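Asker: What follows is a structure written as C-alpha cells; I'll ask about it next.
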Amino acid sequence: MEDQTERREEAAFRTADQRGVEGEVVKPASKARQGVSSKRIVTILAVGLVLVIIGFAASYMTSV
C-alpha cells in the first residue's frame, strides 16, 4: 500500500531529465546513483538489525 507521496517521489525519480543525441536518458551522476527509500524499507532494515543484535546477544549469553 503505497501512499500518494511515495508514488509522486518515485514518478519524479524515474522521469528523464534530458535526452542524449541518440535518445538515451541522460541524468546527472548524483541522481543516477540515488534510490527511492520509503518508510517500509527503513522499518524492515531497522527490525532486521535489532533481530541480529538480539541473536548475537542470545548466542553470547548461551556460550558464557
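No value in this document is a laboratory result; all are computed from the given coordinates. The structure displayed is predicted, hence computed values, not measured ones. Positions of Cβ are generated from backbone atoms using ideal geometry, with glycine treated the same way; all protein chains shown enter the neighbour counts.
Asker: How far is it, in nm, from the label point at Glu6 to the one at Val52 when both lie 7 Å from their Cα along the line to the Cβ?
Answerer: The answer from the label model is 2.3 nm.
Asker: Residue by residue through the range 47-54, which ³J(HN,Hα) values in whole Hz follow from phi under the Karplus form 6.51 cos²θ - 1.76 cosθ + 1.60 (θ = phi - 60°), with glycine and proline marked x?
Answerer: For the range 47-54, the Karplus curve yields 5, x, 5, 5, 5, 5, 4, 4 Hz.
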